[in-house]
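Before any comments, here is the structure.
The values are calculated or read from the model by the stated rules, or taken from the named source; none is laboratory data. Predicted, not measured: the structure shown is a model, and the values here were computed from it. Reconstructed Cβ throughout: ideal geometry from the backbone, glycine too, with neighbour counts over all protein chains shown.
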Amino acid sequence: MTNKTVKELREIAKERGLKGFSKLKKDELAELLREPTRVEKFELTIPEDVETIQYKNGDEWLETRKLGIGGSDVAGIIGESKYKAPIDVWNDKINGSTFKGNRYTRWGHNLEQPVALEFQALHNSYEVFEYNKTFKKGKSLANVDRLLYDLATGEYGVLEIKTANFFGSKDWSGETIPQEYYCQVMHYLAVTGLKFAWIACLVGGNDYKEFYIERNDEECQFILNSCEEFWNDFIETKLAPPLDGTSNYTDYQKHKMLHVDDVDVEIEFLDDKVETYKDIQKQIKELEIKSELIKQELTQALLDNGANKSKTEKNSIRIMTQNRKSLDKKAFENAFPDLVKDYKEKEEAFKFEKPVSFLKIN
């Protein structure tokens, strides 16, 4: 548009049915007639009850996370995560997160663009684009990796990008995705109001997988309600979620134990709880013995048949042999006594005490 005259620009504006442009300067006319970007077109479709929050850098993004429950939190608060429990989400929102990322999160971020390009190469019916704002609906937040525009239907959707190492490949081996990621994507659809999503995952660095997910209105409403309830019940009040038996909650308690006074108190239900605990521990030990006995019986069956594996339509067993290298400490100390002595002296200078709390039951 910048190579056209003011007269030509006014003619174009007139042809498009625009009004109020007669007094505009050339630059103003060019901006008026400029074709809106995909992001600008998308923003016209955002529901009125959804707020978008601009962030300029990582620090501002972290501040925005404090305003609600994000996609990576939601599986934790509804009990569908292997990694997070409600107490983790609560602790993160109330006391702040100390997690600054690691090599997995760093490489996950670095590989987002290659995975997005692979998805685009496989789906020329979609336009893939970034949207660097946070969506907020009530107390639910969404930061999507990419957005999609369906060129055939004109519908917008979400593209969530994941990476998994070789050890996590089992979670992506079937036709379904890990439950916590399903919750995350459904959370994004709930917040944005969009109707579909794709998850694209790079497994082990060279195995690309993708999954299509449609919006489920009932699940979306359940997620939004759960986020509101969690925020009102625990974040606004700063009251910790109830005990849930997870190791996550135990870890939280261990940290709190470091700050209690050396005081003896009476606990009304102590005897009943301790006796119940002892009974359960006894049952666990008995079950562990039964479990080990079954393993022994299966192993003996293989040995009796001179075989190392067996399988049926449902199950399989195999005797596994692994070669592990280990250090012969005794031989090493005899061969290099001065080196060992020097190492131990230097090691002592770097040792420090770290308090560890646990509950001892007698």
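Numbers below:
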| quantity | calculated |
| --- | --- |
| Test for residue 359: is it at pLDDT below 95, under 30 Å from residue 97 (Cα atoms) and aliphatic (A, V, I, L, M) | yes |
| Test: residue 293 is touching a strand residue (DSSP E or B) at 6+ places or on another chain (Cβ under 7 Å), more than 30 Å from residue 355 (Cβ to Cβ) and outside any loop (DSSP other than H, G, I, E, B) | no |
| Pair list, Cβ < 8 Å and 6+ apart or interchain, from segment 227-240 residues that are under 13 Å from residue 68 (Cβ atoms) to residues that are of a type in the set (Val, Ile, Thr) | 227/69; 227/74; 227/77; 230/69; 230/77; 230/89; 231/69; 235/94 |
| Matching residues, segment 180-235, being aliphatic (A, V, I, L, M) and more than 18 Å from the chain's Cα centre (by Cα) | 194, 235 |
| Residue match in segment 204-213 (condition: among the hydrophobic types (A, V, I, L, M, F, W, C), within 23 Å of residue 144 (Cα to Cα), without any contact (Cβ under 8 Å) to a residue 60 or more places away in the chain and outside any helix (DSSP H, G or I)) | yes |
| Residues that are among the basic types (Lys, Arg) and not assigned by TED's automatic domain parsing to the domain that holds residue 226, drawn from segment 39-71 | 41 |
| Hits in segment 218-246 (condition: over 22 Å from residue 184 (Cα atoms) and either in a helix (DSSP H, G or I) or of a type in the set (Val, Ile, Thr) (or both)) | 237 |
| Qualifying residue in segment 39-51 (condition: touching a helix residue (DSSP H, G or I) at 6+ places or on another chain (Cβ under 9 Å), exposed (fewer than 14 other Cβ atoms within 10 Å of the Cβ), at pLDDT below 80 and not aliphatic (A, V, I, L, M)) | no |
| Failed condition for residue 331, given (1) surrounded by 10 or more Cβ atoms within 10 Å (Cβ to Cβ); (2) outside any loop (DSSP other than H, G, I, E, B); (3) more than 39 Å from the chain's Cα centre (by Cα) | (1) |
| Residue within segment 65-73 that is exposed (fewer than 12 other Cβ atoms within 10 Å of the Cβ) and modelled with pLDDT under 90 present | no |
| Residue satisfying all of: in segment 236-251; over 22 Å from residue 178 (Cα atoms) and crowded, with 17+ Cβ neighbours inside 10 Å; nearest to the chain's Cα centre (by Cα) among these | 249 |
| Segment 142-181, subset touching a strand residue (DSSP E or B) at 6+ places or on another chain (Cβ under 7 Å) and in a helix (DSSP H, G or I), residue surrounded by the fewest Cβ atoms within 10 Å (Cβ to Cβ) | 169 |
| Test: residue in segment 260-269 that is under 37 Å from the mean Cα position of the chain (by Cα) and either within 30 Å of residue 84 (Cβ to Cβ) or of a type in the set (Ser, Thr, Tyr) (or both) | yes |
